[in-house]
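The values are calculated or read from the model by the stated rules, or taken from the named source; none is laboratory data. Note that the structure is a prediction, hence the values are computed from the model and not measured. Note that each Cβ is placed from the backbone with ideal geometry, even for glycine, and that neighbours are counted across all protein chains shown.
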2 protein chains.
Amino acid sequence: MALIVQKFGGTSVSSTERIKNVARRVARWKAQGHDIIVVPSAMSGETNRLIGLAKEISSSPDPRELDVIASTGEQVTIALLAMALHEAGLKAKSYTGAQVRVLTDSTFTKARILQIDDKRIREDLGEGNVVVVAGFQGADERGNITTLGRGGSDTSAVALAAALKADECQIYTDVDGVYTTDPRVVPEARKLDTITFEEMLEMASLGSKVLQIRSVEFAGKYKVKLRVLSSFQDEGEGTLITVEENKQMEQPIISGIAFNRDEAKLTVLGVPDRPGIAYQILGPIAEANIDVDMIIQNVGHDGTTDFSFTVNRGDFNKALMVLETVKGHVGAREIVGDNKTCKVSAVGVGMRSHPGVASQMFRTLAGEGINIQMISTSEIKISVVIDEKYLELAVRVLHKTFGLDQAA
Amino acid sequence: MALIVQKFGGTSVSSTERIKNVARRVARWKAQGHDIIVVPSAMSGETNRLIGLAKEISSSPDPRELDVIASTGEQVTIALLAMALHEAGLKAKSYTGAQVRVLTDSTFTKARILQIDDKRIREDLGEGNVVVVAGFQGADERGNITTLGRGGSDTSAVALAAALKADECQIYTDVDGVYTTDPRVVPEARKLDTITFEEMLEMASLGSKVLQIRSVEFAGKYKVKLRVLSSFQDEGEGTLITVEENKQMEQPIISGIAFNRDEAKLTVLGVPDRPGIAYQILGPIAEANIDVDMIIQNVGHDGTTDFSFTVNRGDFNKALMVLETVKGHVGAREIVGDNKTCKVSAVGVGMRSHPGVASQMFRTLAGEGINIQMISTSEIKISVVIDEKYLELAVRVLHKTFGLDQAA
């Protein structure tokens, strides 16, 4: 008998029919003798509807009040799911974040979880209940309702699993696991049985939007066993996200190829190569609320250097405008940009002990005539920025060259 | 400077535009220097939508979970209204019932308010906030969310006014006050400036659905000054519901003519005139969840008596079936019923000191050839059941005979 936290996303609970399906699935786990805590999201579209109402009232609604309204989405689902569990013959009780309580700081709309009181949940589990806890929400010390920000239900589930020392935290999504790359781009993509937290973090931040990054960090930190499963298929083990590296003798060097179509590149040419220049450029970008992804500065020559970074494509024009305003101030020669780019990354803990991965990647891309515009590496990831028209080709050849299309 | 509780019903907050109107109206009161607590209902239709979702899951949803979902309707409105108040330039904070907290018993879906903690509300008022409190809801001792049942927002508002010793509790509705009768039936109907709690209770229970009965009882008990106003008209003093009788020299005998179209009559003929017979008849009716309105049993003769009562027209067939099953058991001769009836009542505290009211009422109806089928009286009310086709005629002539069409 295990204690399992199961998180179901918005599409899994998008109708009362689907909520009944979730209840049946939970009932099967319960029938195997497990204790179950279920964390549902709001019905898909509901959070947007609620925020849309707020926007009709105010273009910049008060964050405290925004959380009061946004949190009702999950509150509706927990009650419906508890009722559906009753219909499935189970004992079940629902709790809002405030009721649990999930104590957070007071950063409305993107609060951080500080502590979870497990008393009532343990009591209810002890009495044979399935406990249904609203994801995405909590309450601060004064009892104000808070939300954790988009995708926060994943974080709620992991935090509950950590607080209750659950044996496993299962995240049910509309995919049946984490793949070596997007199957829509590479039909030979394979589902991974396991992936490390570090790899998952790189995959997630690179656009494989299976899990919210924060929840993965959280799970890694508190050593919560995290599993991604399909909410629409009854079979399958999904993908287990582990703390430890794969113990197989023939460990794969690369676990997956991630990519992001939504990348735009900006370069400040000929800036003086002196301390503080990066801040003078990126400070105004951050103030304009533009998220920066890759940042690259090469060694300078003749006292000047070139400074490049990438942003979301939607922020490209805004970023260009900001750079034009700082251009004179930082003494740059020219601003150039390209929003027809994309990012492709090879991710794998195995590359730590295999120094040849980068050169293999570059050789493969060169073999297809794909010019690399920017390179950025971490310990377990190599990312390149290339012309967007090569995205599919690059992902396919890299997937093949690292043997990801062959069963492990 | 006064402390005023203002309750706005579902139609007053049925859209974000109307919520903005409510905010503007509150702002005008606030500008006069008053402290304001606003109690909004859910947007009209929202509670039904939420309960509809629950019914899709279960034909008899768990009451605890039903309250979790139903309470979200008001939670959405308080946040939207607080945002609208901010837009109107005011400081405002919203609270759910649980946050206040409005402590109730644990009778889910029809909980009773036990106590209200006024600490946070007083603090916020002291800091210049308009405080927005969700109507219809509270939390029990264990923190479970409860609701007060349909129309419970009126009760919430009155209870808050009582707890905070507010100077006035204003109920904003889609009518501009309490009328001598329904203006759609009698165009000469006049708005009453004042009405006593007792009269209001009789008027409300007789179908003038301006205020929820429970809230009127509550207001009477705690001596809360209650005023009914239009949420769509800016002018007008509405109707003040007072503890004391009208102090005018020429006190009107009758305050209003109430009626209910929805009345069906059942009679059990020739039952043995012995103790316990009423219970033997009405026990099974109550068990079938049928609300009984008037009950009449006349003196018997020859050892038997006739027993009559009225029910909602929608329950007529069900009630007939129940009576057929108890007919043999109680030894009744026959069951007869009529669902083409209605009830008309004259209400007024003045009749306490004017014994001639009943005979004047009967004479007036007789003068129009209207046969009276049943009569029931209380200290301040005379009700008759008549053929439904005479309803409008009866209301009109009674309204005129008691001088209600003339300015007081």
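Within the range A:182-201, the set of residues being surrounded by 24 or more Cβ atoms within 10 Å (Cβ to Cβ) and either under 30 Å from A:Ile121 (Cα atoms) or under 15 Å from the mean Cα position of the chain (by Cα) (or both) comprises A:Ile195, A:Glu199, A:Met200.
Residue-by-condition table, conditions (1) over 21 Å from A:Glu334 (Cβ atoms); (2) in contact with a strand residue (DSSP E or B) (Cβ under 8 Å, 6 or more places away or on another chain); (3) outside any loop (DSSP other than H, G, I, E, B):
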| residue | (1), (2), (3) |
| --- | --- |
| A:Ile257 | yes, yes, yes |
| A:Lys265 | no, yes, yes |
| A:Leu269 | no, yes, yes |
| A:Arg274 | no, no, no |
| A:Ile281 | no, yes, yes |
| A:Val299 | no, yes, no |
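Is it true that B:Gly128 is on the phi > 0 side of the Ramachandran plot and away from chain A (no Cβ under 14 Å)? Spelling it out, B:Gly128 is indeed on the phi > 0 side of the Ramachandran plot and away from chain A (no Cβ under 14 Å). Filtered by the rule that a residue be acidic (Asp, Glu) and either more than 7 Å from chain A (Cβ to nearest Cβ) or surrounded by fewer than 24 Cβ atoms within 10 Å (Cβ to Cβ) (or both), the range B:46-70 gives B:Glu46, B:Glu56, B:Asp62, B:Asp67. Just to check your reading of the model, which residue among A:Gly236, A:Gly128, A:Gly138 is over 29 Å from A:Gly97 (Cα atoms) and small (Gly, Ala, Ser)? Only one candidate qualifies: A:Gly236.
Report, by residue number, each residue of the range A:1-28 that is of a type in the set (Gly, Ala, Ser) and either assigned to a helix (DSSP H, G or I) or within 14 Å of chain B (Cβ to nearest Cβ) (or both). Residues satisfying the conditions are A:Gly10, A:Ser12, A:Ser14, A:Ser15, A:Ala23, A:Ala27. Only one of the numbered conditions (1) free of Cβ contacts under 8 Å to residues at least 40 places away in the same chain; (2) more than 9 Å from chain A (Cβ to nearest Cβ) is violated by B:Ile121, and that is (1). When A:Ser106 is tested against (1) more than 22 Å from B:Arg142 (Cβ to Cβ); (2) within 12 Å of another protein chain (Cβ to nearest Cβ), just one condition goes unmet, and that condition is (2). Of the residues making up the range B:35-77, just one is touching a Pro at 6+ places or on another chain (Cβ under 6 Å) and within 14 Å of A:Leu53 (Cβ to Cβ), namely B:Thr77.
The one condition from (1) over 25 Å from A:Gln280 (Cβ atoms); (2) in the same structural domain as A:Ala278 (by TED's automatic domain parsing); (3) within 29 Å of the chain's Cα centre (by Cα) that A:Arg363 does not meet is (3). Every condition in (1) in contact (Cβ under 8 Å) with a residue 60 or more places away in the chain; (2) surrounded by 17 or more Cβ atoms within 10 Å (Cβ to Cβ); (3) not aliphatic (A, V, I, L, M) is met by A:Arg24 except one, and the failing one is (2). Pairing residues of the range B:71-90 that are more than 9 Å from every other protein chain (Cβ to nearest Cβ) and of a type in the set (Gly, Ala, Ser) with residues that are buried (at least 24 other Cβ atoms within 10 Å of the Cβ) and part of a helix (DSSP H, G or I), at Cβ distances under 8 Å and at least 6 apart in sequence or on separate chains, gives B:Ala88/B:Ala23; B:Ala88/B:Val26. A:Val39 meets all of the listed conditions (1) within 14 Å of chain B (Cβ to nearest Cβ); (2) within 19 Å of A:Thr72 (Cβ to Cβ) but one, namely (1). Scanning the range A:224-238 for residues that are touching a residue at least 24 places away in the same chain (Cβ under 8 Å) and of a type outside the set (Ser, Thr, Tyr) turns up A:Val224, A:Lys225, A:Leu226, A:Arg227, A:Val228, A:Leu229, A:Phe232, A:Gln233, A:Asp234, A:Gly236, A:Glu237, A:Gly238. Residues in the range A:124-136 that are under 12 Å from A:Tyr95 (Cα atoms) and outside any loop (DSSP other than H, G, I, E, B): A:Asp124, A:Val130, A:Val131, A:Val132, A:Val133. Name the residues in the range B:132-148 that are more than 12 Å from chain A (Cβ to nearest Cβ) and out of contact with any Phe, Trp or Tyr (no Cβ under 8 Å at 6 or more places or on another chain), would you? Correct list: B:Gly135, B:Phe136, B:Gly138, B:Glu141. Give me a count of the residues in the range A:109-118 that are within 12 Å of another protein chain (Cβ to nearest Cβ) and among the hydrophobic types (A, V, I, L, M, F, W, C). Matching residues across the range A:109-118 total 0. Selection of the range B:154-170 for residues being surrounded by 24 or more Cβ atoms within 10 Å (Cβ to Cβ) and either within 17 Å of B:Thr96 (Cα to Cα) or within 14 Å of another protein chain (Cβ to nearest Cβ) (or both) yields B:Asp154, B:Thr155, B:Ser156, B:Ala157, B:Val158, B:Ala159, B:Leu160, B:Ala161. In the range B:285-297, how many are assigned to a helix (DSSP H, G or I) and within 22 Å of the chain's Cα centre (by Cα)? Of the residues in the range B:285-297, 1 are assigned to a helix (DSSP H, G or I) and within 22 Å of the chain's Cα centre (by Cα). Each residue in the range B:92-118 was checked for being farther than 16 Å from A:Val68 by Cβ and surrounded by fewer than 24 Cβ atoms within 10 Å (Cβ to Cβ), and 14 pass.
Those helices (runs of 4 or more DSSP H) of the range B:137-228 in which 1 or more residues are of a type in the set (Val, Ile, Thr) occupy B:152-163, B:213-221.
Which ones in the range B:130-153 are surrounded by fewer than 20 Cβ atoms within 10 Å (Cβ to Cβ) and closer than 15 Å to B:Gln6 by Cβ? Correct list: empty.
Among the candidates A:Asp67, A:Asp124, A:Asp117, the residue that is at pLDDT 95 or above and out of contact with any helix residue (DSSP H, G or I) (no Cβ under 9 Å at 6 or more places or on another chain) is uniquely A:Asp124.
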